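Visitor: Just passing along the structure, written as structure tokens.
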Amino acid sequence: YAAADGKVINTDMSNQSFGNWVAIKHDISTKNGSSQIISLYGHMRSFKVKAGQNVSQGDIIGYEGNTGNTTRKLYGPERGYHIHFGIYDAE
């Protein structure tokens, strides 16, 4: 699910580390004004959004998976399903 309202800035299905991933840029209010952050969702099985699409907080953006560099490489295909979620400063 999208962590906050924003715009999908990129999707990729070929990254060796994160596998299939989605990145969303968000404008956030801070005590000093506004700022921009990027939320990244990695290792996804598939995604339902595309670059340039606006999303609202809680929208389904895709489904957890086992793509990229996950524990399935060590323990087999039944292990490792998860979402790698990260927040980055966009500036």
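Visitor: I need the trypsin sites (Lys or Arg not before Pro) found in region 1-79, filtered to DSSP loop residues with at most 10 other beta carbons within 10 Å of theirs.
Guide: Answer in residue order: Lys31, Lys50.
Visitor: Test of understanding: what is the full-extension gain from Met13 to Asp59, defined as 0.36 nm times their sequence separation minus their Cα-Cα distance?
Guide: 14.5 nm
Visitor: Now for a separate question. Lys pairs in the chain, Cα-Cα under 22 Å, at least 8 apart or on separate chains: how many?
Guide: 5
Visitor: Give the span of region 1-45's Cα atoms along each principal axis, as three whole-Å numbers ordered largest to smallest.
Guide: Cα extents, longest axis first: 37, 17, 13 Å.
Visitor: Given contacts defined as C-alpha pairs under 8 Å and at least six residues apart, what's the relative contact order of region 19-91, whole-number percent?
Guide: Taking the mean separation of contacting Cα pairs over the length of region 19-91, I get 35 percent.
Visitor: Could you list the chymotrypsin sites (Phe, Trp or Tyr not before Pro) in region 1-78 that lie in coil according to DSSP, counting only those with at most 15 other Cβ atoms within 10 Å of their Cβ?
Guide: Tyr1
Visitor: Can you give the calculated 222 nm mean residue ellipticity of the chain, where each DSSP H run of n ≥ 4 adds -39,500 (n - 2.57) and the sum is split over every residue, rounded to the nearest 500 deg cm²/dmol?
Guide: Only helices count here, giving -500 deg cm²/dmol.
Visitor: With a 1.4 Å probe and every protein chain left in place, work out the accessible area per residue of the chain in Å², rounded to a whole number.
Guide: 63
Visitor: Cα atoms only, region 28-91: Rg and Dmax in Å?
Guide: When restricted to Cα atoms, region 28-91 yields Rg and Dmax of 15.1, 48 Å.
The values are calculated or read from the model by the stated rules, or taken from the named source; none is laboratory data. Just so you know, these numbers come straight off a predicted model, no measurement behind them. Neighbour counts are summed over all protein chains in view; Cβ atoms, including those assigned to glycine, are modelled from backbone coordinates with ideal geometry. Note: areas computed on protein heavy atoms with side chains; ligands, DNA, RNA excluded. Shrake-Rupley method; radii C 1.70, N 1.55, O 1.52, S 1.80 Å.
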